[in-house]
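Trainee: Quick one: this structure, given as structure tokens, is what I'll be asking you about.
We did not get these values from a lab; they are worked out from the coordinates using the rules stated. Keep in mind the model is a prediction, meaning the values are calculated, not measured. Cβ atoms come from the backbone with ideal geometry, glycine included; neighbour counts cover every protein chain shown.
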Amino acid sequence: MLVDRHGRQINYVRLSMTDRCNLRCNYCLPEGFTDFLPKTALLSYEEHLVHLRVLSDLGVTKLRLTGGEPFVRRDLMSFIKAISSEKLFQEIHITTNGTLINDYIADLEQLGVNGVNLSLDTFNRENFHRITGRDEFEKVLNIFHRLAESKISLKVNAVVLPGQNIPDLLELVHLTKDIDFTMRFIEEMPFNGLNETQREWWNYEKLLHYFSEHVALSPIPTAHSSTSMMYQVPGYKGKIGIIAAQSRSFCGTCNRLRIGPKGDIRSCLYGTSTNGLKELIRSEASQSELIKFFEEVVSAKPKDGFIAEKSMLQANTNHATMAAIGG
Ligand code: SAM
């Protein structure tokens with residue numbers, strides 16, 4: 001088992017398949033960003049399978065594929081098939097913007113993909129275009145409805161963006177009236193590669209206060225290592241989650257490890273990354289060498305995101321884009 005110095009068992013891995021995306025969300029990968037990884041830097045699917053097998057042996061039970069947009073990676077479905085057929089994890093989840101998955105929903109269901117987190121910050125077409133830089137709203141709306149009707153558990157992620165989507169958030173809450181899915185609102189984090197410090201920002205308390213003025217939200221139980229504070233509007237089918245991502249209220253139960261497209265590892269979203277996995281895999285390191293590598297990374301997991309951020313700033317490195325980290 002992978003257990004850190006603070007007694008937290010790491011059983012959830014988030015794997016960012018690529019730092020590239022077909023959208024240009026201004027809070028994540030803004031227009032004009034060009035500092036992408038060369039394709040040769042990326043781990044191949046076969047190389048990813050090498051470390052995933054080790055992580056599965058080390059007690060990781062949940063995998064999330066994310067990005068960038070995971071589906072811009074060519075033939076991603078073959079990779080999902082391989083993971084599924086080897087039965088490496090109890091749960092496979094995917095975070096996607098939904099624009100490229102139209103042809104795959106039935107296959108994802110059939111492969112036993114447990115959940116999809118769909119990023120959708122607004123149901124207003126113009127605002128969607130303004131935020132993402134692309135006119136893809138109709139496509140994502142259609143995917144939202146298809147996923148809601150599928151066997152795959154659906155969560156929708158909306159980043160709280162003052163000046164861009166605040167009036168639209170209530171509409172997203174009310175979507176849970178007749179549709180059984182989880183609508184999650186995420187505090188914006190300063191991870192769009194631009195080091196902007198002047199943006200207006202709402203924390204979860206401000207958002208809860210805003211919602212409380214318009215709608216009755218009742219707290220409901222939250223799973224142990226969940227990042228969301230959970231609510232429901234009485235009588236509504238779906239649920240509401242609020243993720244205090246920037247306030248970092250959930251580090252004490254963090255159970256995750258993040259692996260980037262080139263095998264760079266983050267034991268904390270706010271911390272620096274550790275390299276070396278790609279080199280180990282490419283030099284055909286033994287299983288025990290890979291286990292030792294993961295144990296060392298997990299052992300050094302910072303207690304919380306504030307401590308991690310401090311050491312990152314001391315190391316004089318900036319936050320990577322969220323597209324490279326995977327959310
Ligand atoms: N392309 C996929 C998508 O759009 O869902 C996966 C990658 S995206 C980086 C993963 C998640 O991170 C999305 O739900 C997105 O909303 C969230 N995210 C990205 N940038 C963020 C930011 N600056 N603050 C908070 N959440 C962010």
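Trainee: For the stretch 211-234 and the stretch 117-166, compute the distance between their C-alpha centroids and round to whole Å.
Mentor: 20
Trainee: I've got another one for you. What FRET efficiency comes out for the pair residue 300/residue 84, r = Cβ-Cβ distance, R0 = 45 Å, nearest 0.05?
Mentor: 0.90
Trainee: Here is a further query. As a test of the formula, what do you get for the chain when each DSSP H run with n ≥ 4 contributes -39,500 (n - 2.57) and the sum is divided by the residue count, at 222 nm and rounded to the nearest 500 deg cm²/dmol?
Mentor: That calculation yields -9000 deg cm²/dmol at 222 nm.
Trainee: Under unit Cβ charges (Lys, Arg +1; Asp, Glu -1), what dipole magnitude, rounded to 20 debye, does the stretch 38-155 have relative to its Cα centre?
Mentor: That gives a dipole near 140 debye.
Trainee: Taking 0.36 nm per residue of separation and subtracting the Cα-Cα distance, what length does fully extending residue 224 through residue 33 add?
Mentor: 65.1 nm
Trainee: Related question: Would you work out which of 42, 17, 59 lies farthest towards the positive end of the dipole of the stretch 1-61? Charges go on Cβ: Lys and Arg +1, Asp and Glu -1.
Mentor: My answer, from the dipole projection, is 59.
Trainee: Could you give the semi-axes, largest first, of the ellipsoid that matches the stretch 60-193, computed as the square roots of 5 times the alpha carbon gyration tensor eigenvalues and rounded to whole Å?
Mentor: In descending order the semi-axes read 26, 16, 14 Å.
Trainee: So, one more: Give the residue from 96, 321, 79 lying farthest towards the positive end of the charge dipole for the chain; charges sit on Cβ (+1 for Lys and Arg, -1 for Asp and Glu) and the dipole is referred to the Cα centre.
Mentor: Sorting the options by dipole projection puts first 79.
Trainee: Determine the distance separating the Cα centre of the stretch 18-61 from the Cα centre of the stretch 241-255; give it in Å without decimals.
Mentor: Spelled out, the Cα-based centre of one part sits 23 Å from the other.
Trainee: What number does the chain give for Rg over Rh if you use C-alpha atoms and the Kirkwood radius?
Mentor: With Rh from the inverse mean 1/r over Cα pairs, Rg/Rh is 0.94.
Trainee: Okay, next question. State the cysteines of the chain left without a partner when partners are defined as other cysteines whose beta carbon lies under 4.7 Å away.
Mentor: Lacking a cysteine Cβ partner under 4.7 Å: 21, 251, 254, 268.
Trainee: Against the globular-protein guess of 2.2 N^0.38 Å, express the Cα radius of gyration of the stretch 183-327 as a ratio, rounded to two decimals.
Mentor: For the stretch 183-327, the normalised Cα radius of gyration comes out at 1.25.
Trainee: Quick query: amide H of residue 301 versus all other amide H atoms, modeled in the peptide plane; which residues come in under 5 Å with a sequence gap of 5 or more or a different chain?
Mentor: Here 5 satisfy the definition.
Trainee: 7 Å from Cα along Cα→Cβ at both residue 307 and residue 212: what's the point-to-point distance in nm?
Mentor: 3.2
Trainee: Put +1 on the Cβ of every Lys and Arg and -1 on every Asp and Glu Cβ in the stretch 12-325; which of 230, 219, 307 then has its Cα farthest towards the positive end of the dipole?
Mentor: 307
Trainee: Can you tell me the dipole magnitude for the chain around its Cα centre, using point charges on the Cβ only (Lys, Arg +1; Asp, Glu -1), in Debye to the nearest 20?
Mentor: It works out to roughly 520 debye.
Trainee: Right, next: So if a site counts as exposed when it's one of the GluC sites (Glu not before Pro), its DSSP state isn't H, G, I, E or B, and it has at most 16 other Cβ atoms within 10 Å, what's the longest stretch of the chain without one?
Mentor: 87-195
Trainee: Using θ = phi - 60° and the Karplus relation 6.51 cos²θ - 1.76 cosθ + 1.60, list the HN-Hα couplings for the stretch 256-264 in order, rounded to whole Hz, with x at every Gly or Pro.
Mentor: Ordered by residue, 3J(HN,Hα) equals 10, 10, 10, 10, x, x, 9, x, 6 Hz.
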